Amino acid sequence: GQAVDFKNTVVIMTSNIGSAHIARTTGRMGFKGDDVSKEFKDRRDLVISEMRRTLSPEFINRIDEIIVFDALQEEELRQIAKILIERLNEALGDKNVRLVATDEVCDWLVRTTCQDRSYGARPLRRAIQRHIEDALSEAIITGKFQGEGTVEVYLDGDTLRFRSAIEASSP
């Protein structure tokens, strides 16, 4: 085999180490209180302590930088849901189908999947796959949507449903 030079390679890894503890002790992972820099230092110290407890010293020694983020807020999670749905549209491009999700759908996804903020936006990706991508694939396979076009996903009570853009615009 050939030797590979990883000297100039950048690897980014994200983790929620410490986030559950921070959420329990502060009620929320964002800044609270008057002394913002002390709050940040306390959170960073807690994350590093949890990281040392969780990961081996050999692995930690290979980490060049640790960045501690605030918890995602509702609006940020809605925007992430929209981005993930747009990525799904890119995958649907060869099927000549475009998915449009109402704002209520994005709110529903955030409300039902991101109650525990210690997991970040990861549950959104899984929920979109389960509730939208898989269900839309089934609807396309069974012939509910013929040919090309725009499909709207909308909220009907507490259930996601699909309809063609023509149905959505009909009175």
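The values are calculated or read from the model by the stated rules, or taken from the named source; none is laboratory data. Because the structure is a prediction, the values reported are computed rather than measured. Positions of Cβ are generated from backbone atoms using ideal geometry, with glycine treated the same way; all protein chains shown enter the neighbour counts. Keep in mind that these areas ignore ligands, DNA and RNA; they rest on the heavy atoms of the full protein, side chains included. Shrake-Rupley method; radii C 1.70, N 1.55, O 1.52, S 1.80 Å.
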**Residue count, the range 41-76 (criterion: touching a residue at least 12 places away in the same chain (Cβ under 8 Å), more than 16 Å from VAL105 (Cα to Cα) and part of a helix (DSSP H, G or I))** = 9
**Residues being open to solvent by 70 Å² or more (accessible area, probe 1.4 Å) and touching a Lys or Arg at 6+ places or on another chain (Cβ under 9 Å) - total across the range 42-69** = 0
**Message:** I need every pair where a residue in the range 79-99 that is free of Cβ contacts under 8 Å to residues at least 24 places away in the same chain and aliphatic (A, V, I, L, M) has its Cβ under 7 Å from the Cβ of a residue that is exposed (fewer than 12 other Cβ atoms within 10 Å of the Cβ) and in a helix (DSSP H, G or I), sequence separation at least 6 or different chains.
**Reply:** none
**Complete:** Note on the range 130-142: residues out of contact with any Lys or Arg (no Cβ under 8 Å at 6 or more places or on another chain) and open to solvent by 30 Å² or more (accessible area, probe 1.4 Å) are ARG130, HIS131, GLU133, ASP134, ALA135, SER137, GLU138, ILE141, THR142
**Request:** State all residues of the range 83-107 that are open to solvent by 20 Å² or more (accessible area, probe 1.4 Å), assigned to a helix (DSSP H, G or I) and within 16 Å of ASP156 (Cα to Cα); if no residue qualifies, say none.
**Result:** ASP103, GLU104, ASP107
**So ALA127, is it of a type in the set (Gly, Ala, Ser) and buried (at least 18 other Cβ atoms within 10 Å of the Cβ)** = yes
**Among (1) open to solvent by 90 Å² or more (accessible area, probe 1.4 Å); (2) out of contact with any Leu (no Cβ under 7 Å at 6 or more places or on another chain); (3) within 30 Å of ARG161 (Cβ to Cβ); (4) part of a helix (DSSP H, G or I) - the single one GLN115 does not satisfy** = (4)
**Request:** For the range 1-21, enumerate the residues that are under 17 Å from the mean Cα position of the chain (by Cα) and either of a type in the set (Phe, Trp, Tyr) or at pLDDT below 65 (or both).
**Result:** none
**Message:** Exactly one condition in (1) assigned to a strand (DSSP E or B); (2) under 18 Å from THR113 (Cα atoms) is false for GLN79; which is it?
**Reply:** (1)
**Asked** With respect to the numbered conditions (1) at pLDDT below 90; (2) under 18 Å from ILE141 (Cα atoms), which one is the sole condition not fulfilled by ASN89?
**Response** (1)
